[in-house]
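*Asks:* Questions regarding the structure given below will be posed in turn.
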Amino acid sequence: MAKDRKLTWNQGVPFGFNSWAGLEFRLNEDNFRNTGIFLGDVLRPAGYENQGCNYVNMDNGWQNLDSSRFKDLVEELHQHGQKAGIYDAPFICSEEDRGREIPGAPGHRYEEIMLRDRQGQVLPKLDGSYPLDVTHPVWKQQMKWKLDRFVEWGFDYLKMDFLSHGGVEGCHYDKAIRTGRQAIAVGYQWIAEHLSKARIGKDFFISLSIAPLFPHGYGHARRFACDAFGRNEDVEYTLNAETYSWWQNGRLYSFNDPDHICLLRSFEMERDSSLGEARARYTASVISGTVMMLSDDYERPEARERAAQLATNQEVNRVARSGVAFCPVSSAGGFAANAYTAVINGKHYLAVFHWEDTKAVEEVDLSRAQLSPGTVWKELWSGKTMQDEQGILRWYADGCDTILLEEMTV
């Protein structure tokens, strides 16, 4: 597999659901199935889809479910024209797993494949987990077992997490591997080849999280920041990543992944998000160029209502489906930019954000944004038109919110 280009994907921007923010470890068969029904029967006909499909993805916590039921659960989604995703953290093990037998590698324990230093000592934990030696044949044995199960169960999408652990410097089993970057490339290549269409007979989406920027060419998408939920600070956090990572889209990776889109309330939020916060969070993902994965608890009627209200705007979703990452108007001195532009199918687009709780006037100098003064814009959320005043576009924001503008053809 070529390592000097992105891993291509021809099935369009993935739209769907990821279970983490909304369900965390409360994920079970019933709420997974019901979420799939909601996405398939309510959101998809209203426009939350791409090429007629949306994904229903399990994140961490799926291990607590009865895996003997997965094949039937996934088949239900397939019969309904949907796809399914699952989660793994292939380069780590926990303190609890350290002395346990490795699933898929009978007679072997995780201690055998933990990365060590020159004195043979296990390297310390990073972010709560131990790094594994991805060049070890037992690691490859258990990884093949896991990937084969994902494919056998029928999944179409794999989110892999805590991938930076694979690039930790240490003494590897394969003595030809001298650096952590070489090691992580070995692990990536092993996974990508085992999920390739040539091997499994179908397209399989690979999304990388907590992953170093390089090496690339082994995942279709890379999450450009860490967890983002549904508050105003999460909007700014996502936009900060967009400000400095927009250029990776279509160059190093087919898509930037802005993380799951919480429109109402995640498991770690103390309150529901406002409508403006939710609209801004959704738009921040739309302009990322992008992977669109909602994440709320749809057992709450309010969460269903919020998703139906914001995730089904056809004109906004058309922008997301383009897969184009918007470029920041300025670098903002290390913080998130408040304005972003793109050209999609010959039309100019402008997104403006305000992520504070206060009222404010957000101004965009159109000449700095390389846009023409006097342009008439359609705001895609409200349907209203806007125009600048002597080259300055002013938007009166009332708390955290956004506008997404499309150049109108005169």
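*Asks:* For the stretch 2-92, what is the charge dipole size about the Cα centre, in debye to the nearest 20, if Lys and Arg each add +1 at the Cβ and Asp and Glu each add -1 at the Cβ? Let's see the in-between values first.
*Replies:* Values: 9 positive and 12 negative charges, 80 e Å.
Computed about the Cα centre, the dipole is about 380 debye.
*Asks:* Counting only DSSP beta bridges with both residues in the stretch 103-256, tell me the antiparallel percent, nearest 5.
*Replies:* Percentage antiparallel, nearest 5: 30.
*Asks:* Then there is this: For VAL343 and GLU112, what is the calculated FRET efficiency with R₀ set at 56 Å and r taken between the beta-carbons, to the nearest 0.05? Walk me through the numbers on the way to the answer.
*Replies:* On the way: r = 53 Å, r/R0 = 0.95.
E between VAL343 and GLU112, to the nearest 0.05, is 0.55.
*Asks:* As a test, work out the antiparallel percent of DSSP beta bridges whose residues both lie in the chain, rounded to the nearest 5.
*Replies:* On the way: 37 of 61 bridges.
Of all bridge pairs located within the chain, approximately 60 percent are antiparallel.
*Asks:* Here's something else I'd like to know. Put +1 on the Cβ of every Lys and Arg and -1 on every Asp and Glu Cβ in the chain; which of GLY52, ASN64, GLN387 then has its Cα farthest towards the positive end of the dipole?
*Replies:* Ranked along the dipole, the leading option is GLY52.
*Asks:* Among residues other than GLU24 whose Cβ falls under 10 Å from its Cβ, what is the net charge (Lys/Arg +1, Asp/Glu -1)?
*Replies:* Details: positive: ARG26; negative: ASP59, GLU268, ASP297.
So the environment of GLU24 carries a net charge of -2.
*Asks:* R0 = 56 Å: FRET efficiency of ALA176 with SER68, Cβ-based, nearest 0.05?
*Replies:* Details: r = 40 Å, r/R0 = 0.72.
My answer for the efficiency is 0.90.
*Asks:* Can I ask one more? For the stretch 127-211, with the dipole built from +1 on Lys and Arg beta-carbon atoms and -1 on Asp and Glu ones, taken about the Cα centre, which of LEU132, GLN182, PHE162 lies farthest toward the positive end?
*Replies:* GLN182
*Asks:* On to the next question. Place the peptides 75-81, 219-225 in order of packing, highest mean first, counting for every residue the other Cβ atoms within 10 Å and averaging per peptide.
*Replies:* On the way: 75-81: 14.7, 219-225: 25.4.
Most protected by this proxy first, the peptides run 219-225, 75-81.
*Asks:* Which value, in debye to the nearest 20, describes the size of the charge dipole of the stretch 365-410 about its Cα centre when Lys and Arg Cβ atoms bear +1, Asp and Glu Cβ atoms bear -1, and nothing else is charged? Mind dumping the intermediate values first?
*Replies:* Numbers: 4 positive and 8 negative charges, 14 e Å.
The calculated dipole for the stretch 365-410 is roughly 60 debye.
*Asks:* Only Lys, Arg, Asp and Glu count, each charged at its Cβ (+1, +1, -1, -1), so figure out the dipole size of the chain about its Cα centre, rounded to 20 debye. The partial results should precede the final answer.
*Replies:* On the way: 45 positive and 58 negative charges, 316 e Å.
Here the size comes out at about 1520 debye.
*Asks:* Ok, one more. By how many nm would the segment from CYS226 to SER372 lengthen if fully extended, with 0.36 nm per residue of separation less the alpha-carbon distance?
*Replies:* On the way: separation 146, 0.36 × 146 = 52.56 nm, distance 3.58 nm.
Gain on extension, CYS226 to SER372, equals 49.0 nm.
*Asks:* Could you name the lysines in cross-link range of LYS359, using Cα to Cα under 21 Å and dropping any fewer than eight places away on the same chain?
*Replies:* Correct list for LYS359: LYS384.
*Asks:* How much length would be gained if the chain were fully extended between PHE267 and ALA308, taking 0.36 nm per residue of separation minus their Cα-Cα distance, in nm to one decimal? Present the calculation step by step, with values, prior to reporting the outcome.
*Replies:* Working: separation 41, 0.36 × 41 = 14.76 nm, distance 2.02 nm.
Contour length minus the Cα-Cα distance gives 12.7 nm.
*Asks:* According to the square roots a ≥ b ≥ c of the eigenvalues of the Cα gyration tensor, what is the shape class of the chain, taking rounded for a/c under 1.5, prolate for a/b larger than b/c otherwise, and oblate for the remainder?
*Replies:* Note, shape of the chain comes out prolate.
*Asks:* Return the lysines within reach of LYS202: Cα separation strictly under 28 angstrom, same-chain partners fewer than 8 residues apart disregarded; answer none if there are no such residues.
*Replies:* Those lysines meeting the cut-off are LYS3, LYS6, LYS71, LYS83, LYS140, LYS144, LYS146, LYS159.
*Asks:* Another question about this same structure. By the gyration tensor of its Cα atoms, with a ≥ b ≥ c the square roots of the eigenvalues, what is the shape of the stretch 290-357: rounded for a/c under 1.5, prolate for a/b over b/c, or oblate?
*Replies:* Details: a/c = 2.62, a/b = 1.48, b/c = 1.77.
Oblate is the answer for the stretch 290-357, as a/c is 1.5 or above yet b/c matches or exceeds a/b.
Coordinate-derived values only; no laboratory data. Nothing here was measured: the structure is a model prediction, and the numbers come from that model. Virtual Cβ from ideal backbone geometry, glycine too; neighbours counted across all protein chains shown.
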